[in-house]
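Have a look at the structure below before the remarks.
The values are calculated or read from the model by the stated rules, or taken from the named source; none is laboratory data. Values in this document were obtained by computation on a predicted structure and should not be read as measured data. Heads up, the Cβs are rebuilt from the backbone with ideal geometry, glycines too, and the neighbour counts pull from every protein chain shown. Accessible surface areas use protein heavy atoms only, side chains included; no ligands, DNA or RNA. Shrake-Rupley method; radii C 1.70, N 1.55, O 1.52, S 1.80 Å.
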Amino acid sequence: MSIIPHVIAGRKTEGVGSRRADVFNPATGVVARHVVLGAKEDLEAAVTAAKAVFPKWAETPPLTRARILFRVRDMLEARADEFAAIITAEHGKILSDAKGEITRGLEVVEFATGAPELLKGEFTEQVGRGIDAHTMRQPLGVVAGITPFNFPVMVPLWMAPMAIATGNCFILKPSERDPSAAVLLADVFKEAGLPDGVFQVVQGDKDMVNAILVHPDIQAVSFVGSTPIAKHVYATGTAHGKRVQALGGAKNHAIVMPDCDLDKTIDALIGAAYGSAGERCMAISVAVAVGPVADSLVAGLADKVRALRIGEGTNNDNEMGPLVTGQHLARVSGLVASGAEQGATVVVDGRDHAVHGHEKGFFIGGTLFDNVTADMTIYREEIFGPVLCVMRAPDFETALRLVNDSPFGNGAAIFTRDGDTARAFTHRVKAGMVGVNVPIPVPMAFHSFGGWNDSLFGDHHMHGPEGVRFFTRMKAVTTRWPDGVRAGAEFVMPTHG
Ligand code: NAD
C-alpha cells in the first residue's frame, strides 16, 4: 500500500517519524493509503531548508516570482483532472465539485501573479522641507499553513501563492485525512521552477501542528479548521511570538423572507446545505423562515431532500457523495439522533440511506429538521454534514436577532425581493461574508475571505489584499540629502515645518 510522503527540500521523503495514519476511500470505506505522521525532526529539516533558501527568494524580483506563478496557474489548469481525481478519492466529493474547488484555488494564484503591483509602496514628496518618505512591504521569512480536510486544494491555495508571491518560504501541513493533493501541489510548484525549499509539505497530525506553533524560526501561521482548534492555534502561536490568522467553524444562517422567489430560494438552499455533503464552512445549515413562508418552504425542501442523488463522487450524475470518514459519519448520525430526542420535527431522516454496491462507504442521506430552537444541540454545534435546520421567526427583526446571537459569524444570507430589508440585513448582520439572494457568498480572490466572532481569530482575512498584508511587514523610510539638512544639531521633536 502506498505511503504519502513529506516534501522537504524538493525531495519526497518518509522522514524520521515512525507513526502512520490510514487514509480512506470514503465511497468504499476501505483504507486506500497510509500517510506519514511526521516528527519534530521532520519539521526541523523543512525549516532548515526554508531558512537556507529564504534570502535568495526574498531578493528575487517580484516579477520573476510572478512568472513562476503564471506557470503554476497553467499547470494546475492542465492537470485539473488529476487533482480532481485525488480529491474525490480521498475526500469523497463529486468530481465536478472537486473541479470547482480547483478553479477557486486557481483564482488566488491568478491574483498572486499581480505581485509587482500588490507589493508597491507609497511615496510622499516633501513630508518636510527637502524630505521625502516612502513605504515598502517585505516578507516575513519562514511561514506555515495548516489546513482542513474539506478543501484539500483550495484552502492551501488560499495561502501558498500569497506567501510565495510576497517573498516568503511556505511550509504546508495538510489534513491527515486527505493529504495526497498537497504532494501533487508540490510537484506543480517544482515543475514550474520554484526553487526547492520555497514550498514544502510536512505531513502529520496535532503533534506536527503543535511543533509548528512553538518553532522559533516560523514567523507566521495561517490556519483553517474547526473553532476549538483555531482558538488553540491562535492562543499558542501568538504566545510564541507569531503572527496568526486562524479561521474557524461556522453555522451559516439564511433568512427566508415571505416575498422571496420561493422556487429559486429552495434550489439555492438545497445546493448550499447538501452540496459536498454539507462539509463546507460556507454551507447553509440553518434556514430562518419568516412568517407565512415556513410551511411551503419546508414542503418544497422536503421533496428535494428526498430526491437527492447520493452516490460515489466519481459519477458526475450524483449530487452528493459520502462523508469523509466513518468517525465523522458516526458523529453526524449521533447529532441527528439528538435533534429528534430534543424535540425537533424530523421531516426527512437521512440516517438509513444505503447506496447500493457501496454498503461499507461512509454515506448518509440528507436530513431536514423543522421547528428547531436555539437551545438544541443540532443548532448550537456545527454538524458539518448534510443536515438543514429550519427555524421559524415571526418577523425580520426576530430572525436577525437570532442570526446575530450566534457565536459564529462566517457567512449569512437573505432571500428577499425587498431592497430595504436587504440593505438593513447587510448593514446590521454580524458576519464576515454576506449574501443577498446568494446562498454561499464566498468572495472572489481579489476580495478577502474571512468570518467574524468565533469563525476567525486574528486580524487578517485570507488571500486578496488582506493576504498581502498578513504575509508582509511594512517599513516606512524617511530620506533627506545634504541640501535638505539644516545646520546644527536639532534637539526638539522633528516637525514638518
Ligand atoms: P480540524 O480542526 O479537525 O483540523 C484542521 C487542522 O488542524 C488539520 O490539519 C488537523 O491535523 C489539525 N488538528 C486537528 N486536531 C488538532 C488538535 N487537537 N491540535 C492541533 N491541531 C489539530 O478541522 P477539519 O475537520 O479538518 O475541517 C473541518 C472544519 O474546518 C470545520 O469546522 C469547518 O467549518 C472548518 N473550515 C473553516 C473554513 C473557514 O474558512 N472558516 C474553511 C474550511 C473549513
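Do we find that Leu43 is crowded, with 16+ Cβ neighbours inside 10 Å and under 28 Å from Phe446 (Cβ atoms) in this structure?
Spelling it out, it is not the case that Leu43 is crowded, with 16+ Cβ neighbours inside 10 Å and under 28 Å from Phe446 (Cβ atoms).
Determine, yes or no, whether Asp418 is farther than 20 Å from Gly271 by Cα and either of a type outside the set (S, T, N, Q) or within 27 Å of the chain's Cα centre (by Cα) (or both).
Spelling it out, Asp418 is indeed farther than 20 Å from Gly271 by Cα and either of a type outside the set (S, T, N, Q) or within 27 Å of the chain's Cα centre (by Cα) (or both).
Write out, first by first residue and then by second, each pair whose Cβ atoms fall under 6 Å of each other, whose residues are 6+ apart or on separate chains, and whose first residue, in segment 317-329, is outside any loop (DSSP other than H, G, I, E, B) while the second is surrounded by fewer than 24 Cβ atoms within 10 Å (Cβ to Cβ).
Pairs that qualify, where the first residue is outside any loop (DSSP other than H, G, I, E, B) and the partner is surrounded by fewer than 24 Cβ atoms within 10 Å (Cβ to Cβ), are Met320/Leu308; Met320/Ile310.
Kindly check whether there is at least one residue in segment 469-482 that is in contact with a His (Cβ under 7 Å, 6 or more places away or on another chain) and surrounded by fewer than 15 Cβ atoms within 10 Å (Cβ to Cβ).
Looking through segment 469-482, at least one residue is in contact with a His (Cβ under 7 Å, 6 or more places away or on another chain) and surrounded by fewer than 15 Cβ atoms within 10 Å (Cβ to Cβ).
Based on this model, can you work out whether Gly385 counts as surrounded by 15 or more Cβ atoms within 10 Å (Cβ to Cβ), of a type outside the set (Asp, Glu) and in contact with a Pro (Cβ under 9 Å, 6 or more places away or on another chain)?
Against the criterion (surrounded by 15 or more Cβ atoms within 10 Å (Cβ to Cβ), of a type outside the set (Asp, Glu) and in contact with a Pro (Cβ under 9 Å, 6 or more places away or on another chain)), Gly385 does not qualify.
Looking at Ala115, Ala66, Ala80 in this structure, which one is free of Cβ contacts under 8 Å to residues at least 60 places away in the same chain and under 22 Å from Met462 (Cα atoms)?
Ala115
Identify the residue in segment 268-306 that is touching a residue at least 24 places away in the same chain (Cβ under 8 Å) and among the charged types (D, E, K, R) and, among all such residues, is farthest from Ile440 (Cα to Cα).
Arg306
Just a yes or no: is a residue in segment 334-356 basic (Lys, Arg), modelled with pLDDT of 95 or more, open to solvent by 20 Å² or more (accessible area, probe 1.4 Å) and not in a helix (DSSP H, G or I)?
yes
Go through segment 195-305 and tell me which helices (runs of 4 or more DSSP H), entirely inside it, have 2 or more residues that are more than 16 Å from the ligand (Cβ to nearest atom) and open to solvent by 10 Å² or more (accessible area, probe 1.4 Å).
Fully inside segment 195-305 and qualifying: 262-274.
For segment 160-170, state whether one or more residues are near the ligand (Cβ under 9 Å from one of its atoms), under 17 Å from Leu106 (Cα atoms) and in contact (Cβ under 8 Å) with a residue 12 or more places away in the chain.
Within segment 160-170 (the criterion being near the ligand (Cβ under 9 Å from one of its atoms), under 17 Å from Leu106 (Cα atoms) and in contact (Cβ under 8 Å) with a residue 12 or more places away in the chain), the answer is no, since none of the residues qualifies.
Confirm whether His460 is free of Cβ contacts under 8 Å to residues at least 60 places away in the same chain, in a loop (DSSP other than H, G, I, E, B), within 16 Å of the ligand (Cβ to nearest atom) and within 27 Å of Met282 (Cβ to Cβ).
no
Among the residues of segment 1-59, count how many are among the hydrophobic types (A, V, I, L, M, F, W, C), without any contact (Cβ under 8 Å) to a residue 60 or more places away in the chain and within 29 Å of Pro195 (Cα to Cα).
So the answer is 3.
Name the helices (runs of 4 or more DSSP H) wholly inside segment 60-150 in which the number of residues that are within 16 Å of the ligand (Cβ to nearest atom) and open to solvent by less than 70 Å² (accessible area, probe 1.4 Å) is 3 or more.
The helices (runs of 4 or more DSSP H) meeting that bar are 80-91, 95-112.
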